[in-house]
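Only one structure is covered here, and it is reproduced in the block below.
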There are 2 protein chains.
Amino acid sequence: MRAGPSQDEIRRQNLGALLRYVHVHGATTRAELTTALGLNRSTIGALTADLAGAGLVSEGTPKETGRAGRPSLVVRPESDRVHAYAYSIEVDRLRAARIGLGGAVLDRRELDRPRGLTAAEAAPLLAGAVKEMQQSAPADAVCVGAGVAVCGMVRRDDGLVRLGPTTGWVDEPIGAALGAELGCDVPVTVGNVADVAAFAEHARGAAAGCDNVIYLYGDVGVGAGIIAGGRRLTGHGGYGGEVGHMVVVRDGAPCECGSRGCWETEIGEYALLRAAGRSDARGRDALLAVFDAADRGDLRAQTAVRQAGDWLGFGVANLVNIFNPEMVIFGGGMRDLYLASAAQVRSRLNSVALPACLEHVRLRTPKLGDDAALIGAAELAFERLLADPLDAG
Amino acid sequence: MRAGPSQDEIRRQNLGALLRYVHVHGATTRAELTTALGLNRSTIGALTADLAGAGLVSEGTPKETGRAGRPSLVVRPESDRVHAYAYSIEVDRLRAARIGLGGAVLDRRELDRPRGLTAAEAAPLLAGAVKEMQQSAPADAVCVGAGVAVCGMVRRDDGLVRLGPTTGWVDEPIGAALGAELGCDVPVTVGNVADVAAFAEHARGAAAGCDNVIYLYGDVGVGAGIIAGGRRLTGHGGYGGEVGHMVVVRDGAPCECGSRGCWETEIGEYALLRAAGRSDARGRDALLAVFDAADRGDLRAQTAVRQAGDWLGFGVANLVNIFNPEMVIFGGGMRDLYLASAAQVRSRLNSVALPACLEHVRLRTPKLGDDAALIGAAELAFERLLADPLDAG
């Protein structure tokens, strides 16, 4: 029911659209921007001058094109100077990165995470990593925000981690803990790892240009980041996408969430390791060892992988019927499982999914790999800047 | 990545916002419009004059308020004159209505539908009903479009009904058939019944003001209209929301879609009638007879209703975990089933849904009742007018 925007809002939208364009596409000529944004040359010139004045972009001549005539000036994001900090809190490790406007990972640190580490314990470790990176950043560097990707259910309003069954977190204020530890005034935005990875793959990865995407992410737990009609599906409180807790076996195996027969009890790390007779093993390397054993002819490993792959296809088919996506991306441990059992996944998908829902679905692995969580966390931080470049810059 | 709008686009947006406001809220004073749309008084005056000039709204003095001073003029939608035709094609009946701008049902017709009727056979029956209604409409009435609600999977691009298992339709071009039959130049828009009913309940029913809603609709088949982040979830081809074909029992009972164990094989009309020992019965009256028998102590009917209610709660719990909605509405036969088994629905929902996903969910029955399909079909037709009032009006 909103009326059209005011002149100020239009200018803000135009500044945001231009900055977003070079943030996603990199160096772009003024001529391309004119076409892509549907604005005239003088408007593009004025917007660029404003953004350059704020230190967010720079202009220069393009590389030699070999063509005659005066080349169109190129607008570049100030990637080395303007940056965000990104954190990823995973079951077995903590990661931190400094990511420039434009999406380049400029610096990174990785630490082991003992299972059971609380938010209060994780924050100083991550803050320490950031302080190291700050020292190696240029003197005139500007941090516009920080984003955190975490395995768990994140309340949209304030970033409280309500429940992270695989990290053992309940009501952990990781955003506030990190903000206090860093002692800086940049806002810290927290998101679920599948949501932020989906965001990154949609912005600049495998799903660029796709409006309806399911990004499935799994290790011990399984969740999805969902793009519907070009926008992130968050749900009312921010908890949308908990597909790992879609029950696939009524009154089935107990799940860490307290329910039974959840999808992740059939396709998660523990399920696969148990089925392969390796209940005592944990972590990604243990999982990769199962796929390796299956490859080398271990019958028990092969059966475990086939069963999990069948369940993977089963759940994906349900999601295809519910969302009618154009792409499903398998990330984290789901990538490895999908690659090891693609035949089972496709077979079950073909028998369960409605043909009309399935007809344009492409199955993919992430283009950004494990960096999707970090890049997506940085995108959370950049969103504020892109919404209002001159206010937040 | 879109840049801010041009002056023409802003005017179009403002005209659309004003017309949409009175379409949804009815007669509104200029003063209220100024506040609601965030535009100044002279802009509201100019927009109203343009819309009145096009015959879409009228202005007048409000009813006596008893307050001193000159009353603010009231803007009303031209409900009697500007209208859309709405059709609903259901398993057992065909309905047609003339619905005014503002959402009032001005006239309606209902016909029995023999099961098995094709689109080519249904179109002339519906067109006949419309011709009757045209004769009783005012001489200066203006039809802005027609909308069709149909039980089936509707291709977004052209309204082709790809598959309607319960109507027996495969690739039926009902929109084209109706357009040809009516012989008029108004566009005919086709939508899935659950989608359009959700649209209506969201615009002016139980879900007004809710941004994340699941509207469950069922008779023989079960589907959902989903509102996510305030917008209709359509999926890539328009087939999103086929929740009745979420498989809940792997390798379960055969479903009309060709798969097995779909949710609708546990909660649909046929499942309930079979479980109640009434496999030969069909239709809503037969279903109501089961609920009635259960009420009167028939043990077999009670067991059937309890089982179906348990499965209803089970599937809703999965959808709550996936979508984190703030409201679930039970429409069509699902309304009756929910009312007859609310205890089972809530019990299963509480044991399966994640507490964070469930905490703000309200369970509701439709406010618009059976009219939701017709009103939603009309909303489809009004959308074009509201997007660009002076072009389409």
Discussion item. Given Cβ point charges of +1 (Lys, Arg) and -1 (Asp, Glu) and nothing else, what value in debye, to the nearest 20, does the dipole of the protein assembly as shown about its Cα centre take?
Written reply: 320
Response to the item:
One residue of chain A has its C-beta nearest the axis rotating A onto B; that residue and its distance in whole Å are A:228, 3
Fill in: Backbone HN-Hα couplings from phi across region B:167-175 [Karplus 6.51/-1.76/1.60, Hz, Gly and Pro as x]
9, x, 8, 9, 6, 9, x, 5, x
Worksheet item: Which whole-number value in Å³ per residue fits the convex hull of the alpha carbons of region A:173-313?
Response: 164
Item to complete: Give the nm distances, rounded to one decimal, from residue B:347 to the matching residue in every other copy, measuring between label points 7 Å along Cα toward the beta carbon; shortest first.
Response: 3.9
Worksheet, complete the sentence: Among A:148, A:179, A:363, the residue whose Cα sits farthest towards the positive end of the charge dipole of chain A, when +1 is placed on the Cβ of each Lys and Arg and -1 on the Cβ of each Asp and Glu, is A:363
Practice prompt. Could you pull the copy-to-copy label distances for residue B:138, with points set 7 Å along Cα to Cβ, in nm to one decimal and sorted shortest first?
Written response: 6.7
Worksheet item: Any idea how far the Cα center of region B:268-313 sits from the one of region B:138-189, in Å?
Response: 33
Worksheet entry | Pairwise label distance in nanometres, residue B:63 with residue A:343, each label 7 Å out on the Cα-Cβ vector | 7.4
Worksheet item: Could you give the dipole magnitude of region A:208-364 about its Cα centre, charging the beta-carbon of Lys and Arg +1 and that of Asp and Glu -1, in debye to the nearest 20?
Response: 140
Fill in: Amide hydrogen neighbours beyond the local backbone of residue A:169, cut-off 5 Å, H modeled
A:164
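When the Cα atoms of the protein assembly as shown are enclosed in a convex hull and the volume is divided per residue, what value in Å³ results?
Working: hull volume 155.8 nm³, N = 786.
Spelled out: Cα convex hull of the protein assembly as shown, divided by residues, is 198 Å³.
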Worksheet item: Based on the Cβ-Cβ distance of residue A:388 and residue A:110, what FRET efficiency does E = 1/(1 + (r/R0)^6) give at R0 = 35 Å, to the nearest 0.05?
Response: 0.60
Worksheet item: Using 7 Å Cα-to-Cβ label points, what is the residue B:136/residue A:350 separation (nm, one decimal)?
Response: 5.5
Practice prompt. Ignoring everything but the protein chains, give the 1.4 Å probe accessible area of residue A:272 in square angstrom, nearest 10.
Written response: 10
Discussion item. Quick query: amide H of residue B:113 versus all other amide H atoms, modeled in the peptide plane; which residues come in under 5 Å with a sequence gap of 5 or more or a different chain?
Written reply: B:93, B:94
Item to complete: Note the count of lysine pairs whose C-alpha atoms are less than 30 angstrom apart in the protein assembly as shown, limited to pairs 8 or more residues apart or on different chains.
Response: 4
Worksheet item: Put the label 7 Å from Cα along Cα→Cβ for residue A:25; what are its distances to the other copies, in nanometres, shortest first?
Response: 3.9
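Just from its helices, what would the mean residue ellipticity at 222 nm be for chain A, if runs of 4 or more DSSP H residues each count -39500 (n - 2.57) and the sum is divided by every residue, rounded to the nearest 500 deg cm²/dmol?
-13500 deg cm²/dmol
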Fill in: Amide hydrogen neighbours beyond the local backbone of residue A:363, cut-off 5 Å, H modeled
A:328
Worksheet entry | region A:208-364 - accessible surface per residue (Å², probe 1.4 Å) | 35
Discussion item. Residue by residue through region A:314-331, what is 3J(HN,Hα) from phi via Karplus (6.51 cos²θ - 1.76 cosθ + 1.60, θ = phi - 60°)? Round to whole Hz and write x for glycine and proline.
Written reply: 4, x, 4, 4, 4, 5, 5, 5, 7, 10, 6, x, 9, 8, 10, 10, 9, x
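Determine the shape class of region B:256-314: with a ≥ b ≥ c the square roots of the Cα gyration tensor eigenvalues, call it rounded for a/c under 1.5, and otherwise prolate if a/b is greater than b/c, oblate otherwise. It would help to have the intermediate numbers written out before the result.
Values: a/c = 2.34, a/b = 1.47, b/c = 1.59.
Oblate shape, in that a/c is at least 1.5 and b/c is the bigger or equal ratio.
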Practice prompt. May I ask you to evaluate 6.51 cos²θ - 1.76 cosθ + 1.60, the Karplus curve with θ = phi - 60°, for each residue of region B:92-102 and list the ³J(HN,Hα) values in order in whole Hz, giving x for glycine and proline?
Written response: 10, 8, 10, 10, 9, 8, 9, 10, x, 3, x
Worksheet item: How much solvent-accessible surface does residue B:11 expose, in Å² to the nearest 10, with a 1.4 Å probe and all protein chains in place?
Response: 110
Worksheet entry | Area accessible to solvent at residue B:306, 1.4 Å probe radius, in Å² | 120
Worksheet item: Hey, what's the per residue convex hull volume over the C-alpha atoms of region B:7-77, in cubic angstrom?
Response: 86
Discussion item. Using Cα springs under 10 Å in a Gaussian network model of chain A, which residue among A:178, A:33, A:216 shows the largest mean-square fluctuation?
Written reply: A:33
Practice prompt. Go through A:365, B:48 and list them by solvent-accessible area, largest first, probe radius 1.4 Å.
Written response: A:365, B:48
Discussion item. Just to verify a number: FRET efficiency for residue A:303 and residue B:260, C-beta to C-beta distance, R0 = 22 Å, to 0.05?
Written reply: 0.45
Discussion item. Kirkwood Rh and Cα-based Rg: tell me the resulting Rg over Rh for region B:1-144, rounded to two decimals.
Written reply: 1.11
Worksheet item: Once both labels are modelled 7 Å past Cα along the beta-carbon direction, what's the residue B:285-residue A:249 spacing in nm?
Response: 4.6
Fill in: Translational diffusion of chain B, µm² s⁻¹ [Kirkwood Rh, Cα pairs; Stokes-Einstein; 25 °C; 0.890 mPa s]
110
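The values are calculated or read from the model by the stated rules, or taken from the named source; none is laboratory data. In this text the structure is predicted, and so the values were computed from the model without any measurement. Note that we place each Cβ from the backbone using ideal geometry, even for glycine, and neighbour counts take in every protein chain shown. Surface accessibility is based on the protein's heavy atoms, side chains included, excluding ligands, DNA and RNA. Shrake-Rupley method; radii C 1.70, N 1.55, O 1.52, S 1.80 Å.
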